[in-house]
1. In nm, what is the difference between 0.36 nm times the number of residues separating residue 60 and residue 9 and their Cα-Cα distance?
2. Full-extension gain between residue 96 and residue 49, please, as 0.36 nm times their residue separation minus the C-alpha to C-alpha distance.
3. Suppose a student asked you for the relative contact order of region 1-46, using Cα pairs under 8 Å spaced at least 6 residues apart; what percent would you report?
4. Set the Förster radius R0 to 35 Å, insert the Cβ-Cβ distance between residue 125 and residue 20 as r into 1/(1 + (r/R0)^6), and round the FRET efficiency to 0.05.
5. Using the basic label-point model (7 angstrom from Cα toward the beta carbon), what is the residue 73 to residue 32 distance in nanometres?
6. How big is the antiparallel share of DSSP beta bridges in region 48-155, given as a percent to the nearest 5?
7. What length, rounded to one decimal in nm, is gained on full extension from residue 191 through to residue 143, with 0.36 nm per residue of separation minus their alpha-carbon distance?
8. Let me know the shape class of region 1-46, please: from the alpha-carbon gyration tensor, a ≥ b ≥ c as square roots of the eigenvalues, rounded when a/c is under 1.5, otherwise prolate if a/b is greater than b/c, or oblate.
């Protein structure tokens, strides 16, 4: 079976990014989470507009504007909210092509085999990717499914860590407490980000020196 190459490989083969940029984005993704495309954009290696233009041409995919678009409830029910948020996608319409049921799903990365295979299994029909901006998908998710749960932690703390009272904790602003292990993890991620910015020439050696 043909497998679509991963996003990083495609962009590198096309000469849009190089090995260093791909490795930096993968490192950023490893420490900070999220999707590779978002990491490439945040690091300034490519704009979201240029990436979507390239993917639309590469895979001959349509681009969909989600702002102001109404999605019927029966279409939304094809994909559970948790999976839609996990893969950062949203179903937009259903139909038939040559007698086969098709679900059009707006996404930022049509090369994600895991996302497409999982959605096809859950929806019970063929998934046809369409491109949409990350901001418009987030808007559509909150509009149709409701705002994301406010309990999500910006520091990417696990529920296990937060619930284990035996772990040493460090007071955080506002009087709450953050597990010391999670604080160390955050410090490691910050140090890695500084290293990437230094390697890119954005930060000089003097910027990394501790103030006297």
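Bear in mind that the values in this text are calculations on the coordinates, not laboratory data. Being a predicted model, the structure only gives us computed values, none of them experimental. So basically every Cβ, Gly included, is an ideal-geometry build from the backbone, and we count neighbours across all protein chains shown.
1. Numbers: separation 51, 0.36 × 51 = 18.36 nm, distance 1.80 nm.
Contour length minus the Cα-Cα distance gives 16.6 nm.
2. Values: separation 47, 0.36 × 47 = 16.92 nm, distance 2.99 nm.
Going from the current span to full extension adds 13.9 nm.
3. Numbers: 25 pairs, mean separation 16.0, N = 46.
Averaging sequence separation for qualifying contacts and normalising by length gives 35 percent for region 1-46.
4. Numbers: r = 41 Å, r/R0 = 1.17.
Taking R0 as 35 Å, the efficiency between residue 125 and residue 20 is 0.30.
5. About 3.9 nm separates the two model spin labels.
6. Numbers: 7 of 14 bridges.
Around 50 percent of the beta bridges assigned by DSSP in region 48-155 are antiparallel ones.
7. On the way: separation 48, 0.36 × 48 = 17.28 nm, distance 3.63 nm.
Taking 0.36 nm per residue and subtracting the Cα distance, the gain is 13.6 nm.
8. Working: a/c = 2.17, a/b = 1.37, b/c = 1.58.
Oblate is the answer for region 1-46, as a/c is 1.5 or above yet b/c matches or exceeds a/b.
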